[in-house]
1. Suppose all protein chains stay in the model; what accessible area per residue would a 1.4 Å probe give for the chain, in Å²?
2. What distance in nm separates the two pseudo spin-label positions at residue 128 and residue 47, each 7 Å out from Cα along the beta-carbon direction?
3. Would you work out the relative contact order for segment 165-224, in percent, from Cα pairs under 8 angstrom that are 6 or more residues apart?
4. Normalising by the residue count of segment 107-254, find the relative contact order in percent from Cα pairs under 8 Å and 6+ residues apart.
5. Considering only protein heavy atoms and a probe of 1.4 Å, how much of the accessible area of the chain is carbon and sulfur, as a whole percent?
6. Using modelled backbone amide H atoms (1.01 Å from N, in-plane), which distant-in-sequence or interchain residues come within less than 5 Å of residue 410's amide H?
7. How would you rank 387-393, 209-215, highest first, on the average number of other Cβ atoms within 10 Å across their residues?
8. Give me a comma-separated list of calculated 3J(HN,Hα) values for segment 137-143, in order, Karplus coefficients 6.51, -1.76, 1.60 applied at θ = phi - 60°, integers in Hz, x for any Gly or Pro.
Amino acid sequence: MATLIHTLADHSDDVNYCAFSSSCLATCSLDKTIRVYSLSNFTELPYSPLKGHTYAVHCCCFSPSGRVLASCSTDGTTALWDARDGRRLAVLQQPGASPVRVCRFSPEATYLLSGAADGSVVLWNMQSLKLYRSGNVKGGSLVACAFSPNGNFFVTGSSSGDLTIWDDKMRCLYNEKAHDLGVTCCDISSHPVSGVELKYKCTLNGHSAPVLACAFSCDGQMIVSGSVDKCVIIYETSTGNTLHTLSQHTRYVTTCAFAPHSPLLATGSMDKTVHIWQLDFMQPCTGDTIENESKVAVEDWSEDDVSAWLCAQDLADFVGLFKMNNIDGKELLNLTKESLANELKIESLGQRSKVLQKIEELRMTMTSVSVPDEFLCPITRELMNDPVIATDGYSYEREAMENWISNRRSSPMTNLPLHSLMLTPNRTLKMAISRWLETQQK
């Protein structure tokens, strides 16, 4: 069984990555910050947030000892921080100053690997903090990497779909086209690995949209994945069976990580939240599902479920008020503008309107009507109000796509570079959505 035990909602933009040490959880975001939390009570450490990057932070990771935290950014740097007091220890400039997408420590912390949008991959010597070796992948951005358990080799994944195996001298040992639409993530289990040849084993199914994140548990017995479909799926490695499906996030799930020494799972999302899950290995869990508001009977929500929903809707300020008034799922659905003003004493008209709008959207998701997939924005997976066509040929909600291209110049669907940032109104699609809405109101 997997239970949502805490939600972190401190970032002001998309959460890009999360990483555990034995005592801490680090998260990073498009908001240019890294936040660090204690695992004992999930409170933010006194030195958090860490600020220093000038653009979005894409990845963060702890050294094996947990004493050093690395972060990498669109600003073309990888920063090293002292995880005990938050001091910045070093700033490593990527050759060519290309946006750095991923960073990872070797198992013995001898090296730090950084991979960038121009395909460059660098091994940094952690003792001298100097560049040790560098290389390049062809035809794409380097977006994923993982070391073998003994550190003798590592794997990189690129937006062109290639998986490449390198030894610790940066010699390319093996390369294979693994995914037609590009690699978004990769990981290697803790089980001993013999040889360096990639052999196909199986495909794990369950997601209905592109997978953005994956990770093995520390014992290698489970794999977790996060997707554009807003779901997190935990699989049993040996059988490929689905153990849990977690659906509390309201936007793309961008990252997921198992804690090394405790039964915890962290999942981060473009909804700006990080959910902390407690895994109970004593409970039978095959097929266990924690549904989100679009699939579960909302009237059966607990007060904690309502709190998680408020955080996901950018309404975290109301968690205490709703808890104080014992608002569960049934009470939530019965709230009106009058009860928000008179009973909950929310004085601001704007705040009341925002809460009421979110509740109304929640009520709409409870209907049995299925929205045609072509009417949903690929970024938000929500019904489009102002659809536009990007130069990749796909249609998106204008605001979502403008936010996307303000930080990236790649397609959300293909991960390939956008030749132009021009957005063209899709009036035909907008009319089709309007007609569909009219039929639903009859």
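1. Using a 1.4 Å probe on heavy atoms only, each residue of the chain averages 47 Å².
2. With each label point 7 Å from Cα toward Cβ, the separation is 2.6 nm.
3. Rounded, it is 34 percent for segment 165-224.
4. Once normalised by length, the contact order is 13 percent.
5. Heavy-atom surface of the chain belonging to carbon and sulfur, 1.4 Å probe: 50 percent.
6. 418
7. The peptides rank, most packed first, as 209-215, 387-393.
8. Each residue of segment 137-143 in turn: 9, 9, x, x, 7, 8, 10 Hz.
The values are calculated or read from the model by the stated rules, or taken from the named source; none is laboratory data. A quick note: this is a predicted structure, and the numbers were derived from the prediction, not measured. Counting neighbours? That spans all protein chains shown, and the Cβs are built from the backbone with ideal geometry, glycine included. Side chains are part of the model used for accessible areas, which takes the heavy atoms of the whole protein and leaves out ligands, DNA and RNA. Shrake-Rupley method; radii C 1.70, N 1.55, O 1.52, S 1.80 Å.
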